[in-house]
1. hydroxyl-bearing (S, T, Y) and within 14 Å of chain A (Cβ to nearest Cβ): which single residue out of B:T20, B:T51 fits that description?
2. For the range A:283-300, how many residues meet the condition of being more than 14 Å from chain B (Cβ to nearest Cβ) and buried (at least 21 other Cβ atoms within 10 Å of the Cβ)?
3. What are the pairs with Cβ atoms under 6 angstrom where one residue, in the range A:164-176, is within 14 Å of A:D135 (Cβ to Cβ) and assigned by TED's automatic domain parsing to the domain that holds A:Q139 and the other, located anywhere, is basic (K, R) and in a helix (DSSP H, G or I)? Sequence gap at least six, or different chains.
4. Of all residues in the range A:109-142, which are within 20 Å of A:K245 (Cβ to Cβ) and either assigned to a loop (DSSP other than H, G, I, E, B) or of a type in the set (D, E, K, R) (or both)?
5. Being buried (at least 23 other Cβ atoms within 10 Å of the Cβ) and hydroxyl-bearing (S, T, Y) narrows it down to one of A:S68, A:S73, A:S45, so name that one.
6. For residues in the range A:143-156 being outside any loop (DSSP other than H, G, I, E, B) and more than 7 Å from every other protein chain (Cβ to nearest Cβ), which is nearest to A:A231 (Cα to Cα)?
7. Contact list please: Cβ distance under 6 Å, first residue in the range A:108-125 and facing another protein chain (nearest Cβ under 10 Å) and more than 13 Å from A:R291 (Cβ to Cβ), second residue among the basic types (K, R) and crowded, with 24+ Cβ neighbours inside 10 Å, pairs at least six apart or on different chains.
8. Mind checking which pairs have a first residue in the range B:1-13 that is in contact (Cβ under 8 Å) with a residue 60 or more places away in the chain and a second that is assigned to a loop (DSSP other than H, G, I, E, B), Cβ under 6 Å, 6 or more apart or different chains?
Amino acid sequence: MAEDYRMVKDVKGAEYWRWTESRWTDPDLDWRNAEVVSAGVDVGSVSTQAAVMVDGKLYAYSNMRTGSDSPESANKAIKWAFEDTGLTPGDLHATVGTGYGRVNVPFATKAITEIACHARGANFMYGPAVRTVLDMGGQDCKAIHCDERGKVKAFLMNDKCAAGTGRGMEVFADLLGVHINDVGEMSLKVDEEPPPVSSTCVVFAKSEASGLLREGWPKERVLAAYCSAMAHRIADLLERIGVEKEFAITGGIAKNPGVVKRLAKELGIDPLPTDMDTQIAGAIGAALFARALYLKKMKK
Amino acid sequence: MLANYGYKDGSGDYFITVDTDKCNGCGACVEVCPAKVLELVEDEFDIDAETEVAAVTEEHKKKIKYSCGPCKPASGYSITDLPCVKACESGAIDHSW
């Protein structure tokens, strides 16, 4: 009976939420001649990233889904980042864990809050002019003010409400049968902006969207209504601490032009562009902290 | 640094703000809070910091609306005489209500 159930359908093709995992290495760098090899592991609620830096330069990273076991996810991510580089855990001088699962990174020298790491990482990725960082993660959203060195001056966290988070977007991708990588572009293909969905909660927003589909709304329009609701919610949240130029968005939602463009319009500020993976900001910040901690220890 | 702990949901803003530059880690607010919402933690944002700073506990971060309910204006408090605000000599604590 149970076996028959498993054969009912092939669920693989139905996983629209499954975003692309990736890894990268800089072929021009060699860790063997480096003074300090540091790593940062960001175990988030939805995704886990590991970044390896040699003397403060990004050398390799991996970006994958977090499983049910945080230490295991951290191990997997660092192993994947090491792939084909010849690096072993013993070659790391220091490692910092960050994110929700930061205390569960088995090989970390220290755990540092993801707020500090995202500010530091954004400073590295977008340059020292960044003053406001918006991290749109899998299950929460943080707004951070920082100085030219990437040090946090103020932060605001919305760690209760799932409105405006990556997981909400995954739920919508699944509902509409549109791949998560395409939802942003697709939401921009509307002639006229529909009214945003009114619900704050992802679960209720989803049922509202089901109603709109039943009314005959095309997918593009439903996505537009959700993306603009998300942008509006974030703009509302940002009002509390204000947005200072330059402005950068990190996290998975930064890859969704449907939300980013609407948010930029609402705030009247364009976020800085980057060619790097916006999801690795936290891991980069952690690796930079690891390097700083190691150098500090060596001086003593 | 201004640390805003809490959340915003469909019903309103629920944030406690701790100015870590002003906080001297004396712990007076931790003592007086009737709901035990605050605690002293290592200053994670400043690696060189020597004193601890006040922060909202992990347990209460997601339910400030309810935890801090007894200290809201509806219960007869004004922002200036909340126990934690009053106890803080350096004026490091602020609220969104």
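1. On the way: B:T51 fails: within 14 Å of chain A (Cβ to nearest Cβ).
That would be B:T20, the only listed residue that is hydroxyl-bearing (S, T, Y) and within 14 Å of chain A (Cβ to nearest Cβ).
2. Filtering the range A:283-300 down to residues more than 14 Å from chain B (Cβ to nearest Cβ) leaves A:283-284, A:287, A:298.
Subset that is buried (at least 21 other Cβ atoms within 10 Å of the Cβ): A:283-284, A:287.
Qualifying residue count for the region: 3.
3. Qualifying pairs under 6 Å: A:G164/A:R233.
4. Listed by number, the residues that qualify are A:R120, A:G127, A:P128, A:A129, A:V130, A:R131, A:D135, A:K142.
5. Values: A:S68 fails: buried (at least 23 other Cβ atoms within 10 Å of the Cβ); A:S45 fails: buried (at least 23 other Cβ atoms within 10 Å of the Cβ).
Of A:S68, A:S73, A:S45, the one residue that is buried (at least 23 other Cβ atoms within 10 Å of the Cβ) and hydroxyl-bearing (S, T, Y) is A:S73.
6. Taking the range A:143-156 first, the residues outside any loop (DSSP other than H, G, I, E, B) are A:143-146, A:152-156.
In the following step, the residues that additionally are more than 7 Å from every other protein chain (Cβ to nearest Cβ) were identified as A:143-146.
Values: A:A143: 14, A:I144: 17, A:H145: 19, A:C146: 22 Å.
So, considering only residues that are outside any loop (DSSP other than H, G, I, E, B) and more than 7 Å from every other protein chain (Cβ to nearest Cβ), the one nearest to A:A231 (Cα to Cα) is A:A143.
7. As it stands, the answer is A:A111/A:R102, since those pairs meet every condition given.
8. B:D13/B:S96
The values are calculated or read from the model by the stated rules, or taken from the named source; none is laboratory data. It should be emphasised that the depicted structure is a prediction, and the values quoted were computed from it without experimental measurement. Positions of Cβ are generated from backbone atoms using ideal geometry, with glycine treated the same way; all protein chains shown enter the neighbour counts.
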